[in-house]
């Protein structure tokens, strides 16, 4: 495998948003580094195409987020507005997990923050009305990471 090639190692699952949009969870490798990709895809004339809406997470971030997300209520109205936290991705870059509104619907927001620039364009929104499915996808992602050693790709 070329050092700069992108490879999907494992598709974890899909969170359907509507008839034209869905969120894909996968474990990928790029430049010999394994990470989790959470990306929105849209249906374009029968072709399921990735959009710019998405974020990559390191295995330690996924493990920490899974614990926090699993502890949330299964009832969206019972989930407090508190932030889930800030998670270091690499020096100067972190992922901030919290809650926000999109088109009047409350969701879990994962956004990337850079110390030098502030918010980046990298991020994804997951509707809290699907919290049970979100929990399951994070748990399945964590389990997949835990069953395969870091250097075995």
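The values are calculated or read from the model by the stated rules, or taken from the named source; none is laboratory data. In this text, all values refer to a predicted model and were calculated from it rather than measured experimentally. For neighbour counting, all protein chains shown are included, and Cβ atoms are generated from backbone atoms with ideal geometry for every residue, glycine included.
Looking only at the stretch 19-46, count how many residues are outside any strand (DSSP E or B) and either surrounded by 14 or more Cβ atoms within 10 Å (Cβ to Cβ) or touching a residue at least 12 places away in the same chain (Cβ under 8 Å) (or both).
To start, the set of residues in the stretch 19-46 that are outside any strand (DSSP E or B) comprises 19-20, 31-32, 45-46.
Next cut, either surrounded by 14 or more Cβ atoms within 10 Å (Cβ to Cβ) or touching a residue at least 12 places away in the same chain (Cβ under 8 Å) (or both) only: 19-20, 31-32.
Adding up the residues that qualify gives 4.
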Query - Unmet criterion (only one of (1) farther than 16 Å from residue 35 by Cβ; (2) at pLDDT below 95; (3) in a helix (DSSP H, G or I)) for residue 49 - result: (3)
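Among the residues of the stretch 124-131, is any surrounded by fewer than 11 Cβ atoms within 10 Å (Cβ to Cβ) and over 18 Å from residue 26 (Cα atoms)?
no
Before we move on, is residue 6 out of contact with any strand residue (DSSP E or B) (no Cβ under 6 Å at 6 or more places or on another chain), modelled with pLDDT under 95 and more than 19 Å from residue 137 (Cα to Cα)? Let's see the steps before the verdict.
On the way: out of contact with any strand residue (DSSP E or B) (no Cβ under 6 Å at 6 or more places or on another chain): no; modelled with pLDDT under 95: yes; more than 19 Å from residue 137 (Cα to Cα): yes.
When the stated conditions are applied, residue 6 does not pass them.
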